[in-house]
Amino acid sequence: MLAQRLHVRLAPHFALLPMALVVLGAYIGGALWTLRTSFTASRTFPSDNFIGAAQYVRLFDNERWLLSLHNLAIYGVAFIVACMVIGFLLAVFIDQNVKGEGLLRTVFLYPYAMSFIATGLVWQWLLAPGSGIEGAMRQMGFPGFSFDWIVHQDLVIYTVVIATVWQASGLVMALMLAGLRGIDPEIYKAARLDGIPAWRVYLQIVLPMLGPSVATVFLLLATAVVKLFDAVVAMTQGGPGIASEVPAKFIMDHLFLRSNIGLASAGAVTLLLPVLALLAPYAYARSRRARLNGGHA
């Protein structure tokens, strides 16, 4: 009887196993094919002409690639910090049992569900000189107001930060709020009895307790940074010039427009390394925690 019950419970999971193996095999196979291609002289079509690490040397001799890495570093720091701060503040605000909590959660989280290819065009209009924000401020009686960051080579990457922070902060809010709801309310009561200011309670007591939530948020945001593409294409097309170029756009351009599969593959492998560097410690920490919990059990 026990064997029959186990078979009934596990049968649906085993039915999905072949599909999971196919997906995993396709992913690993694609990654290995890309790695192999990055060591060849492939151009329009894949080639078996192996040239060692020459594609990587060309990649890091390419000023456009180096600029894209520089832009990604600036974008990543600004995007992650802004999203985590704004998302945490929104979560704290909603955690105060405000009226219309359900509506506010929906409003804050809705941008994340939208395609940035569509909303990016709206942001492009909002940030364009002479219209959008600049035009509205001038009509309100500020004729000298200027907000031309999107056409300024040194500031254009920050316009992408503004737009993507608007999109992703709601997700951070939802994850942080879930963490806040898991904290014992008695902690807040004890802190109030001790006369500790609210900001110190959240900064010195609550925030350290949100370690798992913060780690999850950081991992998701960091992964989003590495694969940044649609926001840049929708808003700036990498311009003005190549001022807002990012690695993913560099790879796609060389893959489809410049017919250089080898160089694009080298860029893709290079871009995969930080993702693995982020996932490996996280996976190790989770497995170690699971072993410890199993040992205590």
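Of all the numbered requirements in (1) more than 23 Å from residue 201 (Cβ to Cβ); (2) crowded, with 18+ Cβ neighbours inside 10 Å; (3) at pLDDT below 95, residue 118 misses one, and that requirement is (2). If only residues of the range 248-277 that are of a type in the set (S, T, N, Q) and assigned to a helix (DSSP H, G or I) are counted, the one that is surrounded by the fewest Cβ atoms within 10 Å (Cβ to Cβ) is 270. Of the numbered conditions (1) closer than 23 Å to residue 217 by Cβ; (2) not in a loop (DSSP other than H, G, I, E, B), residue 98 satisfies every one except a single condition; which is it? Failing condition for residue 98: (2). Only residues that are part of a helix (DSSP H, G or I) and open to solvent by less than 60 Å² (accessible area, probe 1.4 Å) were counted in the range 163-206, giving 24. The numbered conditions (1) of a type outside the set (Val, Ile, Thr); (2) more than 20 Å from residue 163 (Cβ to Cβ); (3) open to solvent by 40 Å² or more (accessible area, probe 1.4 Å) are all true for residue 113 except (2). When residue 47 is tested against (1) modelled with pLDDT of 90 or more; (2) surrounded by fewer than 15 Cβ atoms within 10 Å (Cβ to Cβ), just one condition goes unmet, and that condition is (1). Scanning the range 233-248 for residues that are more than 11 Å from residue 117 (Cβ to Cβ) and of a type in the set (A, V, I, L, M) gives 242, 243, 246, 248. Considering the conditions (1) surrounded by 13 or more Cβ atoms within 10 Å (Cβ to Cβ); (2) farther than 20 Å from residue 159 by Cβ; (3) not small (Gly, Ala, Ser), residue 85 is excluded by exactly one of them, (2).
In this structure, is residue 133 closer than 24 Å to residue 80 by Cα, in a helix (DSSP H, G or I) and out of contact with any Lys or Arg (no Cβ under 8 Å at 6 or more places or on another chain)? When the stated conditions are applied, residue 133 does not pass them. For the range 247-261, a residue qualifies if it is of a type in the set (Phe, Trp, Tyr) and free of Cβ contacts under 8 Å to residues at least 40 places away in the same chain, and exactly one does: 256. In the range 105-125, the residues that are over 26 Å from residue 88 (Cα atoms) form Cβ pairs under 9 Å with partners that are assigned to a helix (DSSP H, G or I) and charged (D, E, K, R), at six or more places apart or across chains, as follows: 117/230.
The values are calculated or read from the model by the stated rules, or taken from the named source; none is laboratory data. These numbers come from a predicted model, not from an experiment. Cβ: placed from backbone, ideal geometry, glycine included. Neighbour counts: every protein chain shown. These accessible areas exclude ligands, DNA and RNA; they are computed on the full protein's heavy atoms, side chains included. Shrake-Rupley method; radii C 1.70, N 1.55, O 1.52, S 1.80 Å.
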